Structure formats: structure tokens, C-alpha cells
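Data block below; observations after.
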Amino acid sequence: MPEGILAQFAAALAAGAIRVIDLSQPLDGTTPIIQLPPEFGTTWPFQLQEISRYDSRGPAWYWNNFACGEHTGTHFDAPIHWVTGKDYRANATDTIPAEKFLAPACVIDASREAAADPDFLLTRQHVEAWERAHGRIDRGAWVLMRTDWSKRGDPSAFLNAREDGAHVPGPHPDLLRFLVQERDIVGWGSEAVGTDAGQAFRFDPPFPCHSTMHGNNRFGLASLANLDQLPPKGAVLITPPLKIVNGSGSPCRVLALVAA
Ligand code: 23J
Ligand code: MN
């Protein structure tokens with residue numbers, strides 16, 4: 001390691017040579033939350049309750065209570081979230097080693113395909129074509145699927161639910177096995193409400209992104225935004241979840257560092 005590498009990093013930040021791109025969605029009562037079939041439990045939407053605002057309840061201070069599910073808005077999925085990941089050591093938001101929260105990102109642009117087909121599934125063949133153009137996916141990298149889904153401002157268009165379930169793009173089951181076994185990625189990131197496709201409850205295995213990623217002690221990021229501002233390769237993500245003891249996930253302010 002070159003000496004002064006962090007001083008160089010700080011100088012690059014100060015000189016504006018590194019851009020910081022916020023990949024997070026705003027959190028408020030309108031933030032879309034995942035809809036599961038009615039027989040399953042459900043997550044709370046985000047809510048804010050004012051404690052005081054420079055008034056009789058607190059003359060010089062403003063603060064709020066908030067409540068939400070762990071999997072609300074832009075969020076991190078820990079391995080313990082899924083039954084396949086339940087027995088790993090250090091598999092929860094408080095025990096995952098902190099160095100795992102800094103990792104490079106590969107961004108696969110599927111925005112054209114997703115616009116044409118809301119049930120589009122990214123396959124190994126797509127990723128291999130991406131690798132021919134941009135180089136091999138790095139070990140320990142995030143793979144982020146750009147769909148421009150985050151640009152669907154209306155929550156009903158974002159969730160895109162019909163009687164037969166949600167129609168939202170995501171990864172093909174075979175791709176996830178390839179990315180874990182042959183590329184050793186740290187996790188999968190999506191612009192949609194969850195990491196899996198809308199129809200993934202019908203897949204084999206059901207919810208293959210959750211099942212395969214967490215079953216191999218890997219992570220997920222959901223409801224990402226601004227993926228159109230990232231290069232295909234070269235960004236570094238900062239993704240620390242809240243240190244919830246035994247947490248299965250947490251809302252997360254996901255940041256990307258990009259060379260300006
Ligand atoms: C629970 C059950 C199914 C799914 C999810 C949660 C998520 O997408 C999530 O936020 O982890 S698909
Ligand atoms: Mn989740």
C-alpha cells in the first residue's frame with residue numbers, strides 16, 4: 001500500500017476529483033413498501049412523529065420519532081433475512097464485518113429491456129456480453145441492475161402490482177448462481193422495491209435472489225436510485241446498515257464514489 005494513500009484520497013475529495021453520488025430514495029410516508037400475498041405478515045411504511053419543534057415541547061430543539069420496517073425504502077438485506085442464510089456466523093446487521101460495507105460496483109444497464117418488458121430477467125448471457133465490453137466482474141463487487149425503475153415516481157407504477165402479483169424486472173435464477181459461484185460477488189442491487197423480480201415467488205427456487213445470495217452469505221440492496229449516473233465499472237459503494245442487534249436489514253443511505 002502506498003504510504004499516504006488516505007491523504008491522497010482526502011486531497012482528491014477536496015479537489016473535487018471524486019464525485020459522491022447518492023443512490024438512496026427519500027424516506028417518507030409515501031415511500032413504496034413491498035406487497036406480499038395477504039397470508040403473510042407485512043412491513044410498516046415509514047412514519048415520522050414530531051416530538052418538538054422549537055415550541056413548548058422543546059423550546060430550542062426540533063426532533064422526531066420515526067418508525068418503519070427494516071426493509072423500507074433504500075435498504076440493505078443481511079444474510080439472516082432468508083432461511084438459507086440463517087446459520088452463518090456474523091450474518092446480521094450488527095455482526096457483518098464493517099469492511100464488507102465498502103465495495104466496488106459493476107452496473108449492468110437493462111433499462112431498455114425493462115422498458116420493453118416489465119418482467120424482464122437479466123441472464124448470464126447478458127452479463128457475459130457486459131463483461132466482453134467492460135471486463136470481468138471483480139471478486140467482491142456489487143452487481144447492480146439498472147432498470148430506471150426508480151424513475152417511476154408514482155408508487156403504483158413503481159410496484160406495478162396486478163392480481164397475479166407484481167410485474168417488475170430482476171435477476172434470472174441461473175445468473176445468481178453464476179455470480180456467486182464463478183464471480184464471487186458481495187451482493188446484488190436493484191432499483192425495485194426488493195432484489196427479486198416481481199414474479200419471483202413462482203421461480204425455482206422461490207425468490208432466487210434472496211435464496212441464493214443469502215444462502216451464500218451475500219447481501220442485497222433494494223430501492224436504489226441514480227444508477228444511471230454510475231459508470232459500468234469503477235464506482236465504490238458505501239452501504240452500512242444501522243447496527244440493529246440481530247437485524248435482518250436496515251434502511252441505508254447508499255453512497256457511490258466515482259472518479260470525476
Ligand atoms: C420478505 C419476503 C419476500 C421478499 C422480501 C421480503 C423483500 O424483497 C425484501 O425487502 O427483502 S421479496
Ligand atoms: Mn429487503
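Within segment 170-190, how many residues turn out to be in a loop (DSSP other than H, G, I, E, B) and within 13 Å of ligand 1 (Cβ to nearest atom)?
Residues flagged as in a loop (DSSP other than H, G, I, E, B) and within 13 Å of ligand 1 (Cβ to nearest atom) within segment 170-190 amount to 0.
Take the residues in segment 47-87 that are assigned to a strand (DSSP E or B) and of a type in the set (Asp, Glu); name whichever of them is farthest from ligand 1 (Cβ to nearest atom). I'd like the intermediate steps shown before the answer.
Pass one, segment 47-87, residues assigned to a strand (DSSP E or B): 47-55, 58-67, 75-77.
Okay, now just the ones that are also of a type in the set (Asp, Glu), so 50, 55, 77.
Values: GLU50: 28, ASP55: 37, ASP77: 5 Å.
Only one residue fits best here, namely ASP55.
Return the total of residues in segment 219-238 being crowded, with 24+ Cβ neighbours inside 10 Å and either within 14 Å of ligand 2 (Cβ to nearest atom) or under 21 Å from ASN91 (Cα atoms) (or both).
Total meeting the criteria: 7.
Are any residues in segment 213-240 over 16 Å from LEU255 (Cα atoms) and part of a helix (DSSP H, G or I), and if so, which ones?
MET213, HIS214, GLY215, listed by residue number.
Just one of (1) aromatic (Phe, Trp, Tyr); (2) in a loop (DSSP other than H, G, I, E, B); (3) out of contact with any helix residue (DSSP H, G or I) (no Cβ under 7 Å at 6 or more places or on another chain); (4) away from ligand 2 (no atom under 16 Å from the Cβ) trips up TRP44, so point out which.
Condition not satisfied by TRP44: (4).
Out of the residues in segment 120-139 that are surrounded by fewer than 15 Cβ atoms within 10 Å (Cβ to Cβ) and in contact (Cβ under 8 Å) with a residue 40 or more places away in the chain, which is nearest to THR239 (Cα to Cα)?
In this case the residue turns out to be ARG139.
Checking GLY198 against (1) more than 12 Å from ligand 1 (Cβ to nearest atom); (2) on the phi < 0 side of the Ramachandran plot, only one condition comes out false. Which one?
(1)
Give me the residue from segment 158-169 that is outside any loop (DSSP other than H, G, I, E, B) and either modelled with pLDDT under 95 or farther than 21 Å from GLN229 by Cβ (or both) and, out of that set, nearest to the chain's Cα centre (by Cα).
LEU159
The values are calculated or read from the model by the stated rules, or taken from the named source; none is laboratory data. Quantities reported herein were computed from a predicted structural model and do not represent experimental measurements. Neighbour counts are summed over all protein chains in view; Cβ atoms, including those assigned to glycine, are modelled from backbone coordinates with ideal geometry.
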